[in-house]
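One structure is given below, encoded as structure tokens.
Each value in this text was obtained by applying a stated rule to the coordinates, not by laboratory testing. Note that the structure is a prediction, hence the values are computed from the model and not measured. Using ideal geometry, Cβ is built from the backbone for each residue, glycine included, and neighbour counts are taken over all protein chains shown.
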Amino acid sequence: MSRVVKMNIIEQKMLSNSEAAEILRGVVENIKSKEGNVSPLLAKTLNYLEKHSKVKGGESVQSARMFLKGLGFKDETIVMILNICPKTIEELRILLDYEERYVEENVLKETLEYLKNICS
């Protein structure tokens, strides 16, 4: 039986799969401790996010987000980069649709070099 849950939106933020998995993992653990089990939808969603997270660990994701923000990337682009972890300049260029500027090749190379260290 489903139940209605009322919530107030406090903040809206674009999240990578890794960040969403971390948040949902906490929610699932909280529900399990109170109710003993979670809905199949929550379990499947968490499973999907964990399988499709390319950057592991909350600290790595936050560091990566700050690094990419420092290079001037928009939040939309940062999330796509962290979710896909491109390995070539061509793959990275495809993800730059939301950028309203030309991103220089040295910035792209620096981004890819950084991603090598944090992507699984």
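Residues that are touching a strand residue (DSSP E or B) at 6+ places or on another chain (Cβ under 7 Å), in contact (Cβ under 8 Å) with a residue 24 or more places away in the chain, outside any helix (DSSP H, G or I) and under 17 Å from ARG65 (Cβ atoms) occur in region 112-119; there is at least one. Just one of the listed residues (SER53, SER63, SER33) is hydroxyl-bearing (Ser, Thr, Tyr), part of a helix (DSSP H, G or I) and either closer than 17 Å to LEU115 by Cβ or in contact (Cβ under 8 Å) with a residue 40 or more places away in the chain (or both), namely SER63.
In this structure, LYS87 does satisfy being part of a loop (DSSP other than H, G, I, E, B) and farther than 17 Å from GLY26 by Cα.
Taken together, the residues in region 69-100 that are surrounded by fewer than 16 Cβ atoms within 10 Å (Cβ to Cβ), within 25 Å of GLN12 (Cα to Cα) and among the basic types (Lys, Arg) amount to 1.
Residues that are in a loop (DSSP other than H, G, I, E, B) and aliphatic (A, V, I, L, M): does region 38-50 have at least one? The answer is yes, given that some residue of region 38-50 is in a loop (DSSP other than H, G, I, E, B) and aliphatic (A, V, I, L, M).
The residues of region 28-62 that are under 16 Å from SER120 (Cβ atoms), surrounded by fewer than 12 Cβ atoms within 10 Å (Cβ to Cβ) and among the acidic types (Asp, Glu) amount to a single one, GLU59.
Being under 14 Å from the mean Cα position of the chain (by Cα), of a type outside the set (Gly, Ala, Ser), part of a helix (DSSP H, G or I) and over 16 Å from ALA20 (Cβ atoms): is that true of THR77 here?
The answer is yes for THR77.
Would you check if ARG25 is surrounded by fewer than 18 Cβ atoms within 10 Å (Cβ to Cβ) and either outside any loop (DSSP other than H, G, I, E, B) or not polar (S, T, N, Q) (or both)? Yes, satisfied.
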